[in-house]
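The values are calculated or read from the model by the stated rules, or taken from the named source; none is laboratory data. These numbers come from a predicted model, not from an experiment. Here the Cβ positions follow ideal geometry from the backbone for every residue, glycine too, while neighbour counts run over all protein chains shown. These accessible areas exclude ligands, DNA and RNA; they are computed on the full protein's heavy atoms, side chains included. Shrake-Rupley method; radii C 1.70, N 1.55, O 1.52, S 1.80 Å.
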Amino acid sequence: MQRSQESRPRAKSPFVAAFLSLLFPGLGHAYAGAYQRALGFAAPPILVAALLAGVVLRMDGAHLIGFLLTTGVLPGIFVFNLLLLVYRLVAIVDAYRVTVWLNALSANAGGRLGRPRLVFNPVSLGGLFAVVLVMSGAHVVVARYDVIAISALSDPCVFITDQTPANCDETPSSSPGGSLEPTDEPIGSPTPTATPPPIQGSALPDVTIPPWNGTERLNILLIGTDQRPNEGTYNTDTLIVVSIDPTTKQVAMFSLPRDSTDVPLPPGPLRNAYASYGGVYPNKINSLFTTVRGRPDLVPGTSRTRGYNGLKEVLGNLYNLDIKYFVEVNFEGFKKVVDDLGGVTINVQVPVQDDGYPSDTGRSSRVYIPAGIQHMTGAQALVYARSRHKSDDFDRGARQQRVLTSLREQADVTAIIPRIPQLLADVKTTVRTDIPQDQLARLAGLASSVDSKNIRSYVFSYPRYGTQVLSPIYKFLPDVTKIRTAVANAFKVDPQLEDTRAALAEENPSIWILNGSGRQGQATNLVQYLAYYGLSASAPTTKPNTSGLSGTQIVVYNGAETRLTDTIAFLESTFNTKVVLKSDPAIPVDVVITTTRRTPTLTPPPSS
């Protein structure tokens, strides 16, 4: 009898069986020796896991996000997560019970001594409860993320329509000073605005824009808003139109300076505004949103869509583009979202120095961002994108576009997942858009197919794309013809050519071309040729002295060579000569080009 008890198999632990089933359904049954039952519990999850792995492994991060945004997927995940919770709960409890049963059966000599007596150890039951609690907690977390995502994607305050409820009015930023915009305007002298009288009885019908069909060029307006506490202003200081060709996967970004004035108005849906303002918007473009949102006689829509409709119509008219959608974020929210994403790494090409940037205390502070690779927090990225002192609109617009492309390149789904609750909470309070929810998955798929390293960048600023007025307040007057030509040719122009144009326009040298060849119109042709490459030149009628010149002469005056490195390299390559450096305070320009009969005939392409 003693020998029989010694040969009896050692009892299996029900807690271990439950724990193994926590790791994967069926493992606990296999541990207990119930192999057929183990296969029955393990087969469905194996098949589902193989199917999901086959789908997920074929997707990158953007495609995965696009899949999650597909209508019905997130609710489906919620239901699937609930069913999986129930399935795993059954597998864990069943593995525990089967182990207890087999232990009792073994202790009872296979049932020969009567009905097996099941013994449930209190300590083991506590272990079972702990296993169930851990397993349920994981599913609760997934369900929480899923519910937060569903809530954000169905929030009527994020997705703006004519049915947006009244309680979705924008809330100003709470920061006491961090969102205030540096300005070139005199303190106490607000920008004058021209407000036309109301047009009685002329409320316009709403304009329904057909959704994107998936094949046409897609244009989305990105708006950065300056919402100031305790003020009635609502300035849209960042206006970037992203244009995507879904066939070629090419992308262009068009930035219009916030100080742009006399932007042409479309005579169609905005016919009343067109008539009231005389065909152009006389104020700065960053005030258009506030001006038209309360004017049903000027712009179609409700009080919550009218401002966006006006911006899309006016910028669409300026660019000759059909702007389908907008995405708006206020600057305080931008800082939070960047922080939620773990910051952003930016290649700072030109150092940023601003001695008058307003701090959170409301006082001016000194900002310096050195050149090179910089990892920035949300607050630092906002300063980098918005600083304007000792800079210009071209540089500022380029920096804003660089922040966006850097965020696009660095989006890491695995890093974002732990921050999803806070990210979605911040998105709900800071982002507004009119992109239909059923278009989100398609747009995410399109974004994933775009090469962010090949984005063409356009900043429509002085001097290449307009003129400026410095007093009494700063204004930029856009050259509509040049802007429309650039937009029309955005996907036709060689990106390397556009980079050359941007670099030369940023240096902005003053150039004279003196015709010493005796050929009529040569200097004028060269002015147009240089303008094609982003250089602003003029051709005085002064007849130069060409004695002793065997070819084109390029003279750079008064130390301008220190800031015109790209311009000098371009001119030397174009005219196949070396520049001459001179000092003469009487010469009011940076560069003087004197032509001869040996100067090559250069004219811009007909399409320029």
If you put +1 on each Lys and Arg Cβ and -1 on each Asp and Glu Cβ, how big is the dipole of the range 250-319 around its Cα centre, in Debye rounded to 20?
240
Using θ = phi - 60° and the Karplus curve 6.51 cos²θ - 1.76 cosθ + 1.60, what whole-Hz ³J(HN,Hα) does each residue of the range 128-139 get, with Gly and Pro shown as x?
4, 4, 5, 4, 4, 5, 4, 4, 5, x, 4, 6
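Determine the dipole magnitude for the range 501-589: charges of +1 sit on the beta-carbon of Lys and Arg, -1 on that of Asp and Glu, nothing else is charged, the reference point is the Cα centre, and the result goes in debye to the nearest 20. All intermediate terms of the calculation are to be shown ahead of the outcome.
Details: 6 positive and 6 negative charges, 58 e Å.
The calculation lands at about 280 debye.
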List, in order, the whole-Hz ³J(HN,Hα) value for each residue of the range 509-517 obtained from phi through the Karplus relation with A = 6.51, B = -1.76, C = 1.60 and θ = phi - 60°; use x for Gly and Pro.
x, 9, 10, 10, 10, 9, 7, x, 8
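Hey, if we sort 375, 139 by accessible area with the 1.4 Å probe, largest down, what's the order?
On the way: 375 115, 139 15 Å².
Correct descending sequence by accessible area is 375, 139.
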Cα to Cα, under 30 Å, and not fewer than 8 places away if on the same chain: which lysines meet these conditions relative to residue 284?
312, 324, 335, 336, 390, 428, 475, 482
Measure of exposure for residue 146: accessible area at 1.4 Å probe, Å² rounded to 10, is 10
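Taking the Cβ of residue 572 as the center, what net charge do the other residues with Cβ under 13 Å away carry, scoring Lys and Arg +1 and Asp and Glu -1? Mind dumping the intermediate values first?
On the way: positive: 578; negative: 561, 566.
So the environment of residue 572 carries a net charge of -1.
Sorted by accessible area with a 1.4 angstrom probe, largest first, how do 254, 129, 570 fall?
On the way: 254 0, 129 135, 570 30 Å².
Heavy-atom accessible area, descending, gives 129, 570, 254.
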When the Karplus curve 6.51 cos²θ - 1.76 cosθ + 1.60 is applied with θ = phi - 60°, which whole-Hz ³J(HN,Hα) does each residue of the range 532-543 get, with x for Gly and Pro?
4, 9, x, 9, 9, 10, 9, 10, x, 7, 4, 8
Whole number please: convex hull volume per residue of the Cα set in the range 519-582, in Å³?
109
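Taking all protein chains together and a probe of 1.4 Å, list 506, 313 from the most accessible to the least accessible. Intermediate results must be reported in sequence, preceding the final value.
Numbers: 506 75, 313 50 Å².
Ranked list, largest accessible area first: 506, 313.
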Residues whose modelled amide H sits under 5 Å from the amide H of residue 263, counting only those 5 or more places away in sequence or on another chain, are 281
